[in-house]
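Colleague: Pasting in a structure now, in structure tokens, and then I'll have a few things to ask.
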Amino acid sequence: MKSGNAILSSYGTTIFEVMSRLSEEHGAINLGQGFPDDGGPADVLAAASDALLTGWNQYPSMMGTPDLRQAVAGHAKRFYGLDVDWKTETMVTSGATEALTACLLGLINPGDEVVLFQPMYDSYLPIVRLAGGVPRFVSLKAPDWSFTRADLEAAFSPKTKLVLVNDPLNPAAKVFSRPELELIAEFMLRFDTLAVCDEVYEHLVFDGRAHIPLMTLPGLRDRCLKIGSAGKTFSLTGWKVGYVTGAPHLLQPVAKAHQFLTFTTPPNLQTAVAYGLGKEDAYFTGLAAGLQAKRDRLAEGLRSVGFDVLPSAGTYFVVADVARFGFEGDDQEFCRRLVAEAGVTAIPVSAFFVENAPRSCIRFCFSKREEVLDAAIDRLRRRFP
Ligand code: PMP
Ligand code: GLN
């Protein structure tokens, strides 16, 4: 019998699905897969519901509804001072996942090299490989997940087509500093490369930090495609509404991929996200402040149980190094044991690496109600008295 695509067949089921199903089986508290457990902003939900009942429910324009595209451009101006032409420089996708896929398929020719920072979100590499791209890795190391000029020298070459930058970075919870972004910019200009910027956590940055889109650095405006996600910005991860912003010459090939991937995205959700992106500043600052408080609650709880907790500057996540528990197995095994024996689900960080993976780092998601975070800590305390 002939078999399926060799690249895709070489992958197992994604770690998020595996751990969520395992969590259900054990009746565990799921701090694995990254999703909030509250209802999301009521006014954004109401906008979707109104649009569903009274609005257009047929195919919207392939590039997205004008209201959402205008809102994406307005958001870029309001938060980053970027002048974006909504008609030629924005596109709506079915989640950031589709945006990433469309960007990679739209830009990569077989043999092009692609620079990827590890740890990396799990969909990047399979799509780079499907497109025929050749991955070149920069491995970031805990606890500070930093990189050096020498790391970039080793990864970039005249064959580099693009670099994929996830900032803030899942699962490391790192926010790239301006000097780090400037170093990436220097290499992009030197090797004439593009960047796909996965900035889905752009509003989830803590402790007064500012998110800096790579696109805003000198010389990079027309070299970057910036990806956002309503799932993260409105705590509605099931909605799968994403958006891409970039210069027309970059967006056009990406739109060619999008038209054959999903073509379009539910119009009522687009209308609601357009409304949401126009919300007052207090919504966006409140979102970050609320998550920062949850981060502190979970991090303190984990420390009190004896976990070695790494800094978290953004995202939904905090990483803990469990080496001090003296466990013999690796992080995958630790997480499996944790679900079964403590009733708490986490994600092994090695799942975000293909080489040089740390063996004792696990990721917890803190975008949960306080009582859920507290209950998880109670369970962990019972397991690690
Ligand atoms: N990129 C990163 C880094 C993520 O963590 C996620 C989370 N799901 C996505 C992309 C996908 O976002 P979406 O749900 O909008 O497809
Ligand atoms: N981004 C989410 C996480 O990192 C998961 C998304 C998914 O399940 N594919 O947990």
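Read-outs throughout are calculated quantities, based only on the coordinates presented, and are distinct from any laboratory measurement. Note that this is a predicted model, so its numbers are computed, not measured. Counting neighbours? That spans all protein chains shown, and the Cβs are built from the backbone with ideal geometry, glycine included.
Colleague: Right, residue 101: within 16 Å of ligand 2 (Cβ to nearest atom), among the β-branched types (Val, Ile, Thr) and part of a helix (DSSP H, G or I) or not?
Modeller: The answer is yes for residue 101.
Colleague: I need the full set of residues from the range 124-138 which are out of contact with any helix residue (DSSP H, G or I) (no Cβ under 6 Å at 6 or more places or on another chain) and surrounded by fewer than 20 Cβ atoms within 10 Å (Cβ to Cβ), in order please.
Modeller: Listed by number, the residues that qualify are 126, 132, 134, 137.
Colleague: Here's something else I'd like to know. Please indicate, with yes or no, whether at least one residue in the range 311-331 is without any contact (Cβ under 8 Å) to a residue 60 or more places away in the chain, out of contact with any helix residue (DSSP H, G or I) (no Cβ under 7 Å at 6 or more places or on another chain) and buried (at least 17 other Cβ atoms within 10 Å of the Cβ).
Modeller: No, the range 311-331 contains no residue that is without any contact (Cβ under 8 Å) to a residue 60 or more places away in the chain, out of contact with any helix residue (DSSP H, G or I) (no Cβ under 7 Å at 6 or more places or on another chain) and buried (at least 17 other Cβ atoms within 10 Å of the Cβ).
Colleague: Pull up the range 1-49, narrow it to residues that are among the polar types (S, T, N, Q) and away from ligand 2 (no atom under 16 Å from the Cβ), then point me to the one that is surrounded by the most Cβ atoms within 10 Å (Cβ to Cβ).
Modeller: 49
Colleague: Also, I was wondering about something else. For the range 218-228, state whether one or more residues are in a helix (DSSP H, G or I) and surrounded by fewer than 24 Cβ atoms within 10 Å (Cβ to Cβ).
Modeller: Checked against the condition, which is being in a helix (DSSP H, G or I) and surrounded by fewer than 24 Cβ atoms within 10 Å (Cβ to Cβ), the range 218-228 yields no hits at all.
Colleague: Can you name the condition, by its number, that residue 231 falls short on among (1) within 16 Å of ligand 1 (Cβ to nearest atom); (2) in a loop (DSSP other than H, G, I, E, B); (3) among the small types (Gly, Ala, Ser)?
Modeller: Residue 231 satisfies all of (1) within 16 Å of ligand 1 (Cβ to nearest atom); (2) in a loop (DSSP other than H, G, I, E, B); (3) among the small types (Gly, Ala, Ser) except (2).
Colleague: Scan the range 1-34 residue by residue and report those that are assigned to a helix (DSSP H, G or I), within 16 Å of ligand 1 (Cβ to nearest atom) and either without any contact (Cβ under 8 Å) to a residue 24 or more places away in the chain or touching a Lys or Arg at 6+ places or on another chain (Cβ under 6 Å) (or both).
Modeller: 17, 18
Colleague: Out of the range 85-94, which residues are within 16 Å of ligand 2 (Cβ to nearest atom) and either surrounded by 22 or more Cβ atoms within 10 Å (Cβ to Cβ) or without any contact (Cβ under 8 Å) to a residue 40 or more places away in the chain (or both)?
Modeller: If the condition is that a residue be within 16 Å of ligand 2 (Cβ to nearest atom) and either surrounded by 22 or more Cβ atoms within 10 Å (Cβ to Cβ) or without any contact (Cβ under 8 Å) to a residue 40 or more places away in the chain (or both), then 93 is the only one that fits.
Colleague: Against the conditions (1) within 21 Å of residue 107 (Cβ to Cβ); (2) small (Gly, Ala, Ser); (3) touching a Lys or Arg at 6+ places or on another chain (Cβ under 9 Å), where does residue 242 fall short? Just the number, please.
Modeller: Only one criterion is unmet by residue 242, namely (3).
Colleague: Among the residues of the range 284-336, which ones are at negative phi, among the hydroxyl-bearing types (Ser, Thr, Tyr) and either within 16 Å of ligand 1 (Cβ to nearest atom) or touching a strand residue (DSSP E or B) at 6+ places or on another chain (Cβ under 7 Å) (or both)?
Modeller: The answer is 312, 316.
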